[in-house]
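Have a look at the structure below before the remarks.
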Amino acid sequence: MSLVEYIKNPSKAVDEMKDKSTVKTMQGSLMMMFVAAVVFSVNTYVGLMLIENMGLEITGPELVVSVLDMGSVNLSSGAFFLIFLGGLFFGFLMKTVMNILGGEGDYWDGLATIAYPVFSVSLGVLLAMVLSYVPLAGPALAFIFVAIFIAIAYSSMFRLAKEMFGVSMIVALIGTMVVLTAGFVAIYGGLLTTPEGIMAVVSAI
């Protein structure tokens with residue numbers, strides 16, 4: 001499944017994906033995860049440039065401020081490795097959860113289920129930031145593109161989970177929600193273990 005095929009017709013692309021060999025699935029999911037990480041890296045750089053060009057003052061939690069002060073190049077590089085390595089981990093998590101729920105599939109099926117939706121989100125965000133430069137209609141166009149690509153991401157994640165692991169849509173929905181919830185809780189919990197996170201909790205108390 002190519003990037004163009006996935007964007008043009010996600011449903012047809014998913015149908016083709018489930019019939020591919022393990023080697024093809026491995027190649028496709030790794031390539032898609034790599035491209036998604038590159039796009040997220042570009043998103044980070046463009047986003048920081050937008051903040052600088054608009055002259056916005058960075059405020060908020062100390063952790064956020066300190067991260068944004070690292071510089072656009074460092075943050076872009078960090079975004080690439082965070083998304084790529086994070087995608088590889090969540091591919092394992094998806095495979096583990098779906099196998100527990102009765103699905104039959106290997107690690108590459110789990111990675112494909114994660115990689116293609118992540119690419120969709122990354123592309124939607126990139127287009128939204130580019131369109132934000134359009135006078136007057138920019139914000140509205142950005143909203144439309146983000147909504148479309150996030151909708152594609154979520155729906156294709158459910159569908160990929162169903163097709164790649166041979167389960168019902170209900171089981172796919174449960175498995176996907178378990179993975180997303182686990183990811184959210186893990187990220188939130190990890191932030192709370194940082195010195196800044198601990199101080200934020202103490203201040204709130």
**OP:** From the list F119, F92, F81, F145, pick out the single residue that is under 17 Å from T25 (Cα atoms) and without any contact (Cβ under 8 Å) to a residue 60 or more places away in the chain.
**Re:** F92
Original post:
Name the residues in the stretch 153-175 that are crowded, with 17+ Cβ neighbours inside 10 Å, under 13 Å from the mean Cα position of the chain (by Cα) and not hydrophobic (A, V, I, L, M, F, W, C), would you?
Top reply: S156
Subject >> Filtered residue count, the stretch 75-103, keeping only those that are surrounded by 20 or more Cβ atoms within 10 Å (Cβ to Cβ), aliphatic (A, V, I, L, M) and within 21 Å of V39 (Cβ to Cβ) >> reply: 3
Subject >> Residue, surrounded by the fewest Cβ atoms within 10 Å (Cβ to Cβ), within the stretch 130-152, restricted to residues that are within 28 Å of V179 (Cβ to Cβ) and not aliphatic (A, V, I, L, M) >> reply: F143
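Only the coordinates and a few stated rules stand behind these numbers; no lab work does. Just so you know, these numbers come straight off a predicted model, no measurement behind them. Every residue, glycine among them, receives a Cβ derived from its backbone with ideal geometry; neighbour counts consider all protein chains shown.
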